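Written out below as structure tokens is the structure these notes cover.
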2 protein chains.
Amino acid sequence: MRKGKPNDPERRTRILRAALEVIAMEGVHAASYRRIAAQAGVPLGSTTYYFSDLETLIVSAFKTLRDGLEPRYASPLRDARTDDDVVDALVAATCGSTAPTLDDIRIYEEMHRYGARSPQVAGLLRDLQEASLVILRRSLSDSAARAVDALMWGWWSYRALNEHDRLDTGMVHDAYRALVTMAATERVPQK
Amino acid sequence: MRKGKPNDPERRTRILRAALEVIAMEGVHAASYRRIAAQAGVPLGSTTYYFSDLETLIVSAFKTLRDGLEPRYASPLRDARTDDDVVDALVAATCGSTAPTLDDIRIYEEMHRYGARSPQVAGLLRDLQEASLVILRRSLSDSAARAVDALMWGWWSYRALNEHDRLDTGMVHDAYRALVTMAATERVPQK
DNA sequence: ACCAAGTATGTACCACCGTACGCATATTCC
DNA sequence: GGAATATGCGTACGGTGGTACATACTTGGT
């Protein structure tokens, strides 16, 4: 009873990618079946076929974002060995080479906002945050990890608001350094 | 030529308040003329009369939020005399007595998102941020002020995502303390 | 060749949206 | 009391939204 293979196996993922593009460019409020279909270059019926309602489409799109985003800025942090490494990795993740693009930040913000009304997306966000905290706690106390996480998000938000201003690297560095040092002093001195 | 006094002088502000309520509860995407009118208990025509298009209604609503929000958490900071006072005021503004409600944070987040596509609202947000920085710079270096601002926003955002978890006051205190201390050490020692 | 079932699409609802506009009402000036 | 003007309201129009669904197409088994 194996009948009917997909004619276009890529279609589903293409639709999801298109959804993220629309969300990044015009926000979730613009992410309609029709708009996404146009973006993906597929007919309307195709989107409703793969995703029976719009909520599941959008949630699925956010999931793919999470899966793609996580490893990118996680691994430099995982590899950090000294406090200096940690600070450098954090700076890079905030405004350096491993930092998210403005588009990514925008999608992330839309996700936050959507999460305020969608328990599913709220769960996704908490997963993402928890994953980040797990990594940070390898090098920092729980308190410091939480503070660092909040600060990074604050700066990403700043970048989204002031598109053209580049964050001053020294400033970012000093702030993370202060939080990491705090974590070090409250840390039980190892033998 | 002063003819026709408003029959209901409160109406305009009532509509603005209703708009903020809708935005807080259901998001800007739900803030339609009709929905706002229903919330305010006035007919549709009444909203279109006072605000010729929806954009100006929403921007006006955000403006009233700004005007109401600013003094609340600004004055404790202005009165802070020592670094300890500053830290205490920041903690209070983050999760204490002067902190915004969850509804306020939600509206603020919606504002951020809306600002991504509305230059007017983006301007409002920058004003708000600049006002905050001006106050913070009375006690802190520019770098520290920016870091503190970002961190506070990060924690507000955290509160919005994890509604029931209360932020640990000690943790928040320590983080601000670390940033303020950093500012103190980089500060030119006064005679 | 034929059938069954999964895949893919076009069309058609119905609800809601912003906005336009004509009409009713209240207020002030003369 | 009227005229003028600001206030307040209801309806209607064009457009777009999610979703339902009947229809076609493609494929694999027989």
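Values computed for the structure shown
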{"read-out": "Test: residue in segment A:167-186 that is within 18 Å of B:R126 (Cβ to Cβ) and more than 9 Å from chain B (Cβ to nearest Cβ)", "value": "no"}
{"read-out": "Where a residue in segment B:55-67 is aromatic (F, W, Y) and its partner, wherever it lies, is surrounded by 17 or more Cβ atoms within 10 Å (Cβ to Cβ), with Cβ under 6 Å and at least six apart", "value": "B:F62/B:M111; B:F62/B:V121; B:F62/B:L124"}
{"read-out": "Residue list for segment B:21-33, restricted to those being open to solvent by less than 50 Å² (accessible area, probe 1.4 Å) and more than 13 Å from DNA strand C (Cβ to nearest atom)", "value": "B:A24"}
{"read-out": "Residue within segment A:51-68 that is touching a Lys or Arg at 6+ places or on another chain (Cβ under 7 Å) and either modelled with pLDDT of 95 or more or within 16 Å of DNA strand C (Cβ to nearest atom) (or both) present", "value": "no"}
{"read-out": "Qualifying positions in segment A:108-128 - buried (at least 18 other Cβ atoms within 10 Å of the Cβ) and at the interface with another protein chain (Cβ under 8 Å from one of its Cβ atoms)", "value": "A:E109, A:E110, A:H112, A:R113, A:G115, A:A116, A:A122, A:L125"}
{"read-out": "Segment B:88-144, residues that are farther than 25 Å from B:L57 by Cα, of a type in the set (V, I, T), assigned to a helix (DSSP H, G or I) and touching a helix residue (DSSP H, G or I) at 6+ places or on another chain (Cβ under 8 Å)", "value": "B:V91, B:T94, B:I135"}
{"read-out": "Residue match in segment B:8-15 (condition: surrounded by fewer than 17 Cβ atoms within 10 Å (Cβ to Cβ), more than 16 Å from DNA strand D (Cβ to nearest atom) and either farther than 21 Å from B:Y158 by Cα or without any contact (Cβ under 8 Å) to a residue 40 or more places away in the chain (or both))", "value": "no"}
{"read-out": "Checklist (1) free of Cβ contacts under 8 Å to residues at least 40 places away in the same chain; (2) surrounded by 21 or more Cβ atoms within 10 Å (Cβ to Cβ); (3) out of contact with any Leu (no Cβ under 6 Å at 6 or more places or on another chain) applied to A:A89, failing item", "value": "(3)"}
{"read-out": "Residue satisfying all of: in segment A:45-63; among the small types (G, A, S) and open to solvent by 40 Å² or more (accessible area, probe 1.4 Å); nearest to A:I107 (Cα to Cα) among these", "value": "A:S52"}
{"read-out": "Sole exception among (1) more than 16 Å from DNA strand C (Cβ to nearest atom); (2) of a type in the set (A, V, I, L, M, F, W, C); (3) within 14 Å of chain A (Cβ to nearest Cβ); (4) in contact with an Asp or Glu (Cβ under 9 Å, 6 or more places away or on another chain) for B:L90, by number", "value": "(4)"}
{"read-out": "From the options A:I36, A:I105, residue that is surrounded by 20 or more Cβ atoms within 10 Å (Cβ to Cβ) and within 12 Å of DNA strand D (Cβ to nearest atom)", "value": "A:I36"}
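The values are calculated or read from the model by the stated rules, or taken from the named source; none is laboratory data. Just so we're clear, the structure is a prediction, and the values are computed from it rather than from any experiment. Glycine also receives a Cβ, built like all others from the backbone with ideal geometry; neighbour counts cover every protein chain displayed. Protein only, heavy atoms only, side chains kept; ligands, DNA and RNA dropped before computing areas. Shrake-Rupley method; radii C 1.70, N 1.55, O 1.52, S 1.80 Å.
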